[in-house]
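One structure below.
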Amino acid sequence: MDDKLELRAAVTDEAARIAALLASSWRENYAELLGGYRTERLVGEYCGVGRISAEISAARAGDGWLGWIVAHVGGELAGAVAGGITTIGSGEIYTLCVAPAHSGKGVATALIAAATEQQRARGATEQWVGLCGPEDPAFGFFTRRGFEPVGPDRHPARAVGSPAPVRIRRTV
């Protein structure tokens with residue numbers, strides 16, 4: 001089996017595997033931080049196969065949504081990232097997930113690099129990510145790659161007792 005990392009745009013046939021990976025990643029990483037109910041509500045809203053399939057089909061439809069990029073190792077889905085351009089010059093990583101078996105092996109770093117190049121090609125000079133504050137499991141990963149907190153996100157729908165969202169950015 002070839003263990004070479006392959007990155008490419010997702011295809012519609014991968015929607016179910018991406019949805020399952022994203023849902024399991026969120027459950028594993030966020031259930032304790034956000035609580036089970038809130039995590040399941042997010043999984044229900046964002047991890048449906050129909051939604052992911054539509055997002056794959058809409059890839060490259062416009063800069064706001066540049067689509068899903070997948071990583072495969074040995075023919076297995078190892079991770080996925082999605083992003084786009086939110087305003088002129090600003091890219092955003094909307095979501096990133098890596099299969100536990102591939103965690104710590106450079107998959108997430110390669111996915112972020114691919115999304116960054118995709119956004120740079122569309123004129124991005126900065127890149128943003130929204131997280132659940134410094135307690136977010138991904139906070140360390142992103143700050144080690146040059147992202148810095150900009151301040152708390154003033155999301156009006158934040159539930160009492162839930163983590164204060166934070167926006168982080170870096171120059172690309």
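Just to verify a result, which residue in region 99-131, among those that are among the small types (Gly, Ala, Ser) and without any contact (Cβ under 8 Å) to a residue 40 or more places away in the chain, is surrounded by the most Cβ atoms within 10 Å (Cβ to Cβ)? Talk me through it step by step, then tell me what you get.
Filtering region 99-131 for residues among the small types (Gly, Ala, Ser) gives 99, 101, 103-104, 106, 108, 110, 113-115, 121, 123-124, 130.
Among the residues that remain, those that are also without any contact (Cβ under 8 Å) to a residue 40 or more places away in the chain are: 101, 103-104, 108, 113, 121, 123, 130.
Values: 101: 10, 103: 12, 104: 8, 108: 22, 113: 15, 121: 9, 123: 12, 130: 15.
Only one residue fits best here, namely 108.
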Next on the checklist: Restricting to region 10-29, give me the number of residues that are touching a Lys or Arg at 6+ places or on another chain (Cβ under 8 Å) and farther than 12 Å from residue 77 by Cα.
Outcome noted: 0
Checklist outcome for this item: Subset of region 1-15, residues exposed (fewer than 15 other Cβ atoms within 10 Å of the Cβ), assigned to a helix (DSSP H, G or I) and in contact (Cβ under 8 Å) with a residue 12 or more places away in the chain, comes to 12
Checklist outcome for this item: Counted residues in region 146-171 being assigned to a loop (DSSP other than H, G, I, E, B), surrounded by fewer than 16 Cβ atoms within 10 Å (Cβ to Cβ) and modelled with pLDDT of 95 or more come to 1
Checklist entry - Within the group 26, 68, which residue is over 21 Å from residue 170 (Cβ atoms), touching a residue at least 12 places away in the same chain (Cβ under 8 Å) and not in a helix (DSSP H, G or I)? => result 68
Next on the checklist: Any residue at all in region 7-23 that's of a type in the set (D, E, K, R), at pLDDT below 95 and out of contact with any Asp or Glu (no Cβ under 7 Å at 6 or more places or on another chain)?
Outcome noted: no
Item to check | Residues within region 111-126 that are within 16 Å of the chain's Cα centre (by Cα), small (Gly, Ala, Ser) and closer than 10 Å to residue 91 by Cα, tallied | outcome: 1
Next on the checklist: Cβ-Cβ under 8 Å, sequence separation 6+ or interchain: first residue in region 31-60 and modelled with pLDDT under 90, partner assigned to a helix (DSSP H, G or I) and of a type outside the set (Gly, Ala, Ser). Which pairs?
Outcome noted: 57/12
Checklist entry - Out of region 22-51, which residues are within 24 Å of residue 12 (Cβ to Cβ) and of a type in the set (A, V, I, L, M)? => result 22, 23, 42, 43, 49
Checklist outcome for this item: Residues of region 132-141 being within 25 Å of residue 4 (Cα to Cα) and in contact (Cβ under 8 Å) with a residue 40 or more places away in the chain, in sequence order, are 138
Checklist entry - Quick one: is residue 80 surrounded by 14 or more Cβ atoms within 10 Å (Cβ to Cβ), over 17 Å from residue 144 (Cα atoms), in contact with a Phe, Trp or Tyr (Cβ under 7 Å, 6 or more places away or on another chain) and touching a residue at least 24 places away in the same chain (Cβ under 8 Å)? => result yes
Item to check | Any chance residue 129 is under 16 Å from the mean Cα position of the chain (by Cα), within 19 Å of residue 149 (Cα to Cα), not polar (S, T, N, Q) and not in a helix (DSSP H, G or I) | outcome: yes
Checklist entry - Of (1) at pLDDT below 95; (2) small (Gly, Ala, Ser); (3) outside any strand (DSSP E or B), residue 114 satisfies all except one. Which? => result (1)
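The values are calculated or read from the model by the stated rules, or taken from the named source; none is laboratory data. Bear in mind that the values here come from a model prediction, so they are computed numbers and not experimental data. Every residue, glycine as well, gets a Cβ built from its backbone with ideal geometry; the counts of neighbours run over all protein chains shown.
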